[in-house]
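Report on the following structure.
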Amino acid sequence: MRGRVRRGFLKSYILKLLGEGEKSGYDLMQTISQETGFWRPSAGSMYPLLQSLEEAGLIGFRTEDRRKIYFLTDKGKLALSEVSEAREQMRRSLEQTSQVFEKVFGADRFEDHRHHRHLGDHVPEEIRRRFALLHRAFDENRQLDADTDTRQKIVHLLDQVLALLDRSV
């Protein structure tokens with residue numbers, strides 16, 4: 001299944017993935033698909049963009065078994081750091097879009113439904129929703145570093161959940 005993602009994210013995603021290590025174009029498409037659970041950029045999007053990034057000096061490649069294996073150049077590493085700096089601006093933009101979505105449709109904010117898609121379809125919606133709520137609570141609570149007692153209680157509860165899951169496998 002293919003999903004649509006805002007224009008411009010593919011370049012940032014490629015830089016991020018190549019910042020983690022060398023990959024072929026096919027590996028980049030597979031990784032994006034696996035990580036998002038819904039978005040698999042087409043070869044018609046991926047390969048022209050890789051060529052453009054190469055022409056811009058952001059990435060290079062070496063040939064291995066007739067496949068191009070891409071890597072970040074120094075210029076690409078600098079571009080990746082700039083993308084990371086723009087992250088907060090992108091997050092705010094998505095949050096504002098989420099707020100409008102909630103007002104228009106009267107539904108839970110879409111971020112609750114998109115978080116933890118990587119859990120897979122076998123994970124029941126009520127568990128998926130709890131993950132989203134936990135994620136939001138952690139995002140909103142910036143005091144966890146200072147509150148050792150609360151942090152230890154959370155770790156203990158999460159350890160209990162992990163033990164329960166290990167027993168059910």
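The values are calculated or read from the model by the stated rules, or taken from the named source; none is laboratory data. Only a predicted model underlies this, so the values are computations on that prediction, with no experimental measurement involved. Cβ coordinates were reconstructed from backbone atoms using ideal geometry, including for glycine residues, and neighbour counts include every protein chain displayed.
General remarks:
- The lone criterion from (1) hydrophobic (A, V, I, L, M, F, W, C); (2) in a loop (DSSP other than H, G, I, E, B); (3) at pLDDT 80 or above left unmet by LEU18 is number (2).
- Residue-level analysis places TYR26 outside the set of residues that are touching an Asp or Glu at 6+ places or on another chain (Cβ under 9 Å) and either surrounded by fewer than 16 Cβ atoms within 10 Å (Cβ to Cβ) or among the hydroxyl-bearing types (Ser, Thr, Tyr) (or both).
- For region 36-72, a tally of residues being without any contact (Cβ under 8 Å) to a residue 24 or more places away in the chain and among the polar types (S, T, N, Q) returns 3.
- Scanning region 14-35 for residues that are without any contact (Cβ under 8 Å) to a residue 24 or more places away in the chain and within 21 Å of ALA86 (Cα to Cα) yields LEU17, GLU20, ILE32.
- The listed residue being surrounded by fewer than 16 Cβ atoms within 10 Å (Cβ to Cβ), closer than 19 Å to LYS77 by Cβ, out of contact with any Cys (no Cβ under 9 Å at 6 or more places or on another chain) and assigned by TED's automatic domain parsing to the domain that holds ARG67, out of GLU35, GLU54, GLU20: GLU20
- Of the numbered criteria (1) modelled with pLDDT under 75; (2) at positive phi, the one ARG66 fails is (1).
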